[in-house]
1. Just to be sure I understand: if I project the alpha-carbon convex hull of the chain onto a plane and average over all orientations, what area do I get in nm²?
2. Output wanted: per-residue J couplings in Hz (rounded whole) for region 100-115, from phi through Karplus 6.51 cos²θ - 1.76 cosθ + 1.60, θ = phi - 60°, x for Gly and Pro.
3. Looking at region 99-224, what % of the alpha carbon pairs are farther apart than 23 Å?
4. Mind listing the phi-derived Karplus ³J(HN,Hα) values for region 150-161, rounded to whole Hz, using 6.51, -1.76 and 1.60 with θ = phi - 60°, and x for any glycine or proline?
5. Per the Kirkwood treatment, what hydrodynamic radius in Å, one decimal, follows for region 149-208 from the mean inverse distance over all distinct Cα pairs?
6. Antiparallel DSSP bridges in region 100-207: what percent, to the nearest 5?
7. For region 143-149, in order, what is each residue's ³J(HN,Hα) by Karplus, 6.51 cos²θ - 1.76 cosθ + 1.60 with θ = phi - 60°, in whole Hz (x at glycine and Pro)?
8. Where the centre of each part is set by its Cα atoms, how far does region 125-190 sit from region 70-103, in angstrom?
Amino acid sequence: MRYQHIVILTGAGISAESGIKTFRAADGLWENHRIDDVATPEAFERDPALVHTFYNQRREQLLLPDIQPNAAHEALARLEQHFAGQFLLVTQNIDNLHERAGSQNLIHMHGELLNLRCTTSGQVFPHQGPVMPDARCGCCDQHGTLRPDIVWFGEMPMQMELIYDALEACDLFISIGTSGHVYPAAGFVEIANSVGAETVEINLEPSKTQSAFDRHIYGPASREVPLFVE
Ligand code: BJW
């Protein structure tokens, strides 16, 4: 490949074949919850116990031995080795499958499931087992200040400046396994187009923003991403 600056965006579809459910299933429910009941700051304020239970369950699931990176995660790690210093992987996923596959220059724009954040100090900690709503925080000694280090609806995604800088410099943008429903990630393709980058969508089916892409590859990520990369 002849590219100088590559930006890859991944979504839930890349982890689907590793056994992690995507968000926008046909029934509109996500692990038996409406997304608004568990992934907003208002939901956390209203019912912190429900939100902690939900994320505790998802942490437990992520740590099951059969949840492993798949061939698509591995192919992106190989692509990064080939384009070292010219490659940024931005994931909307809060799982850790990209890093477990070997990806290094990686931004988790919606946060990380295995981290907690103190709402008083902003400090981020790795989780240590299930979190109770009144747990004591190690940094400020207060009870009930810990929350998942996750970007909920209405909150600012992480490291946006770095992401926008990379998009404005890229000549190849590939979006993998995302439905294109959630902004600002759904708008990245327009930024890449505006600087003349080649834009490619790899997904099981056309996304909401499919018309913005130059190329479309439809099929399971674990098959299509390695084929594209090799
Ligand atoms: C496969 C496959 C296989 C399956 N192989 N493919 C502009 C317009 C309208 C609204 C807004 C707007 N700007 C902001 C908003 C508000 C809001 C928003 O976008 N709302 C929309 C829903 C309308 N956005 C926000 O609030 C964001 N913050 C924000 O905008 O701050 C202000 C700001 C201002 C200026 C600059 C920057 C920011 C925050 C969004 C936070 C999202 N949080 C969540 C939950 C947290 C994580 C968690 O608990 O797990 O993040 S929501 C959920 O959706 C999760 C995901 O990361 C995100 C995206 O979902 P994704 O990855 O696309 O998954 P799915 O399930 O939708 O799709 C999977 C796809 O894979 C499908 O297409 C399948 O076909 C495919 N697939 N198997 C290949 N094997």
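Computed from the coordinates by the stated procedures, all read-outs in this text should not be read as laboratory data. What you see is a predicted model; the values in this text were computed from it and never measured. Positions of Cβ are backbone-derived with ideal geometry, glycine not excepted, and every protein chain shown enters the neighbour counts.
1. 12.3
2. 5, 7, x, 5, 10, 8, 9, 10, 8, 5, 9, x, 9, 4, 8, 10
3. Counting pairs separated by more than 23 Å, the tail of P(r) holds 46 percent.
4. Result, ordered by residue: 10, 8, 8, 4, x, 9, 7, x, 7, 6, 5, 5 Hz.
5. 12.4
6. Here the share of antiparallel DSSP bridges comes out near 60 percent.
7. Residue by residue, region 143-149 yields 9, x, 9, 8, 9, x, 8 Hz.
8. Measuring centre to centre over Cα atoms gives 17 Å.
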